[in-house]
1. With respect to CYS95, determine if the residue is part of a strand (DSSP E or B) and either touching a helix residue (DSSP H, G or I) at 6+ places or on another chain (Cβ under 9 Å) or surrounded by fewer than 22 Cβ atoms within 10 Å (Cβ to Cβ) (or both).
2. Here is a check on your reading of the model: is LEU111 modelled with pLDDT of 95 or more and out of contact with any helix residue (DSSP H, G or I) (no Cβ under 8 Å at 6 or more places or on another chain)?
3. More than 17 Å from GLN102 (Cα to Cα), in contact (Cβ under 8 Å) with a residue 40 or more places away in the chain and of a type in the set (Val, Ile, Thr): does that describe THR6?
4. Taking the conditions exactly as written (free of Cβ contacts under 8 Å to residues at least 24 places away in the same chain and within 15 Å of the ligand (Cβ to nearest atom)), does ALA94 satisfy them or not?
5. Considering each of ALA29, ALA67, ALA104, ALA33 in turn, give the residue that is outside any helix (DSSP H, G or I) and either surrounded by 15 or more Cβ atoms within 10 Å (Cβ to Cβ) or within 12 Å of the ligand (Cβ to nearest atom) (or both).
6. Check whether at least one residue in region 51-59 is buried (at least 19 other Cβ atoms within 10 Å of the Cβ) and either at pLDDT below 95 or charged (D, E, K, R) (or both), and report yes or no.
7. Looking only at region 108-163, count how many residues are surrounded by 12 or more Cβ atoms within 10 Å (Cβ to Cβ), within 13 Å of the ligand (Cβ to nearest atom), in contact (Cβ under 8 Å) with a residue 60 or more places away in the chain and aromatic (Phe, Trp, Tyr).
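The values are calculated or read from the model by the stated rules, or taken from the named source; none is laboratory data. Note that the structure is predicted; figures quoted are calculated from it, not measured. A quick note on method: Cβ atoms are made from the backbone with ideal geometry, for glycine too, and the neighbour counts reach across all protein chains shown.
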Amino acid sequence: MNMIFTRRSIRSFNDTPVEAEKLDRILRAGMQAPSAHNKQPWQFLVVRNEETREFLSHVTPYTSHIAKAPVCIVVLGEMSAERIKEFIQQDLSACTQNILLQTAEEGLGGLWMGLYPDESRVQKVKEYFNLPDDIIPFCLISIGHSDRKNEFVDRYAASKIHYEKY
Ligand SMILES: Cc1cc2nc3c(=O)[nH]c(=O)nc-3n(C[C@H](O)[C@H](O)[C@H](O)COP(=O)(O)O)c2cc1C
């Protein structure tokens with residue numbers, strides 16, 4: 001069964017550091033995502049620093065475990081790269097999902113935490129990193145080794161599929 005089916009949100013990590021070559025493949029996977037007009041409007045801030053992770057763990061009530069994750073990727077959006085600005089969320093979501101799937105493929109645990117379009121979350125992160133006006137922090141992804149495994153849960157629902165007519 002491939003990683004699309006077994007990937008899960010992992011929120012607890014052990015102390016094993018994330019290997020540089022795994023992180024490299026994870027970022028490459030993010031950049032392979034499809035994007036509107038092939039604009040690839042993503043950038044990444046890779047955070048291992050403890051103090052910075054501590055800050056990120058307080059950005060929302062749902063990010064506390066970042067303090068204990070060895071790596072956190074801040075997925076950034078480059079607004080001026082988009083021909084049609086409204087596509088930014090779709091492009092960055094495709095990129096984020098690729099990152100999560102490669103993370104699982106590498107035998108690691110990962111978690112997507114939303115920032116954009118919540119104004120207060122976006123502002124906090126923009127100010128902390130002194131991001132240019134054009135760059136938006138889209139989401140946070142914590143990554144690490146975990147004793148919890150990625151595992152399949154069946155979400156198939158025939159009732160959600162409509163053939164030919166609604
Ligand atoms: C846009 C988005 C934002 C999310 N934000 C958070 C978050 O802030 N904190 C968190 O613990 N999980 C967050 N999640 C993870 C979801 O809770 C999780 O994907 C969902 O419960 C399904 O579980 P699974 O990922 O294990 O399949 C987010 C997921 C998405 C797609």
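1. no
2. The answer is no for LEU111.
3. Values: more than 17 Å from GLN102 (Cα to Cα): no; in contact (Cβ under 8 Å) with a residue 40 or more places away in the chain: yes; of a type in the set (Val, Ile, Thr): yes.
When the stated conditions are applied, THR6 does not pass them.
4. no
5. Sole residue among the options that is outside any helix (DSSP H, G or I) and either surrounded by 15 or more Cβ atoms within 10 Å (Cβ to Cβ) or within 12 Å of the ligand (Cβ to nearest atom) (or both): ALA33.
6. Yes, region 51-59 contains at least one residue that is buried (at least 19 other Cβ atoms within 10 Å of the Cβ) and either at pLDDT below 95 or charged (D, E, K, R) (or both).
7. Going through region 108-163 one residue at a time, the tally reaches 2.
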